[in-house]
Amino acid sequence: MEDTTWKMSANHGVAIMLAKNQLSELVCDAVNLEGIAITLPEVQTLLEGITVGGHKLSDQNITLNQGRAWEKLFGDVKHKKFNLSKGYVCSLHAVAAKEEALEWGSFRTSGVVISGTNYRPPHAKNLDALFEEMIEAVQTHDDIYDQAIAIFLQTARNQFFFDVNKWMGRFMMNGHLLQNGFPVINVPAKRQLEFNTFMLAFYESGDQSQMNAFMRSCLDPCVIEIMHES
């Protein structure tokens, strides 16, 4: 698999190193995008095992779950355990959504709604088939970033879980990138308005082009430069 846009060569060691170095930033941006106002130094402190004041315990737990899910992802990629399967995504959801979602570690069993849009996610009975269709469709893309972004978007639109779907989509997107030796995409919290606006439009239309361009624009140019140098 290749990157046809920036012409980066796959380098598993460098890609994982860069993601690990970004861990606090990845977690901070992810939780802030979902409305948890926590600073980067506070995230760094929490991930070091020290509690911080002024935040709800639930918000701290969500932040720590993000860190644990990333650590699981790093370990699974290193030991070649990461894969695009229902079993794997559920095992990761069990970490990322623990005590946050209605159920964690399994696909939802009833309907859900997405705030701000009239789009209704598919019936729960169709989720297994839709997951398999998503993985098959991913293989039709030649570009690794098209594949990865499609995983994120379809996971979010199908709402496989009761909650934490966008997070799970990004985890699986980035796991797929790391597994293939390419750097992860982080959505900065400062771009929340763009992210939310484009996601709502995507939910309605199912057209990935605008969100694909947005997600690509979030890849740090410095990371691309380092990959070219490696």
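May I ask you to verify whether residue 114 is of a type in the set (A, V, I, L, M, F, W, C), within 20 Å of residue 192 (Cβ to Cβ), in contact with a helix residue (DSSP H, G or I) (Cβ under 7 Å, 6 or more places away or on another chain) and without any contact (Cβ under 8 Å) to a residue 40 or more places away in the chain? Considered against the rule, which asks whether it is of a type in the set (A, V, I, L, M, F, W, C), within 20 Å of residue 192 (Cβ to Cβ), in contact with a helix residue (DSSP H, G or I) (Cβ under 7 Å, 6 or more places away or on another chain) and without any contact (Cβ under 8 Å) to a residue 40 or more places away in the chain, residue 114 comes out as no. A Cβ distance below 8 Å, combined with a sequence gap of six or more or placement on separate chains, defines the contacts here; from region 148-166, residues that are on the phi > 0 side of the Ramachandran plot reach residues that are buried (at least 24 other Cβ atoms within 10 Å of the Cβ) and not in a loop (DSSP other than H, G, I, E, B) in the pairs 164/93; 164/96. Only one of the numbered conditions (1) in contact with an Asp or Glu (Cβ under 7 Å, 6 or more places away or on another chain); (2) within 19 Å of residue 206 (Cα to Cα); (3) not small (Gly, Ala, Ser) is not met by residue 126, and that is (1).
Restricting the search to region 113-125, which residues are within 30 Å of residue 216 (Cα to Cα), surrounded by fewer than 16 Cβ atoms within 10 Å (Cβ to Cβ) and not aromatic (Phe, Trp, Tyr)? I'd like the intermediate steps shown before the answer.
Taking region 113-125 as the starting set, the residues that turn out to be within 30 Å of residue 216 (Cα to Cα) are 113-122.
Next cut, surrounded by fewer than 16 Cβ atoms within 10 Å (Cβ to Cβ) only: 113, 115-120, 122.
Selection gives 113, 115, 116, 117, 118, 120, 122.
Here residue 13 meets the list (1) more than 28 Å from residue 222 (Cβ to Cβ); (2) modelled with pLDDT of 95 or more almost entirely, failing just condition (1). Return yes or no: is residue 144 more than 28 Å from residue 182 (Cα to Cα) and of a type in the set (A, V, I, L, M)? So residue 144 fails the test. Screening region 118-146 for residues that are part of a loop (DSSP other than H, G, I, E, B) and at pLDDT 95 or above and picking the one that is farthest from residue 8 (Cα to Cα) gives 123. Residue pairs, Cβ under 9 Å, 6 or more apart or interchain, first in region 51-63 and farther than 11 Å from residue 37 by Cβ, second basic (Lys, Arg). List them. Correct list of pairs: 61/98. Checking region 200-208 against the condition returns a match, with at least one residue being part of a helix (DSSP H, G or I), more than 24 Å from residue 14 (Cα to Cα) and in contact with a Gly (Cβ under 7 Å, 6 or more places away or on another chain). Which numbered condition trips up residue 70, out of (1) at pLDDT below 95; (2) in a helix (DSSP H, G or I); (3) aromatic (Phe, Trp, Tyr)? Every listed condition holds for residue 70 apart from (1). Please verify whether residue 191 is in a helix (DSSP H, G or I) and buried (at least 20 other Cβ atoms within 10 Å of the Cβ), treating the condition exactly as stated. Criteria not met by residue 191.
Restricting to region 21-48, give me the number of residues that are in a loop (DSSP other than H, G, I, E, B), among the charged types (D, E, K, R) and in contact (Cβ under 8 Å) with a residue 12 or more places away in the chain.
Residues that pass the stated criteria total 1.
Pick out the one residue from 149, 185 that is among the β-branched types (Val, Ile, Thr), outside any helix (DSSP H, G or I) and within 29 Å of residue 2 (Cα to Cα). From the options 149, 185, the qualifying one is 185. Scanning region 193-218 for residues that are acidic (Asp, Glu) and under 17 Å from residue 170 (Cβ atoms) gives a single hit, 194. Only one entry of 101, 94 meets the criterion of being part of a loop (DSSP other than H, G, I, E, B) and out of contact with any helix residue (DSSP H, G or I) (no Cβ under 7 Å at 6 or more places or on another chain), and that entry is 101. Of all residues assigned to region 53-60, none qualifies as being in a helix (DSSP H, G or I) and modelled with pLDDT of 95 or more.
The values are calculated or read from the model by the stated rules, or taken from the named source; none is laboratory data. Keep in mind it's a predicted model, so treat the numbers as computed, not measured. Please note: Cβ atoms are built from the backbone with ideal geometry, for glycine as well, and neighbour counts cover all protein chains shown.
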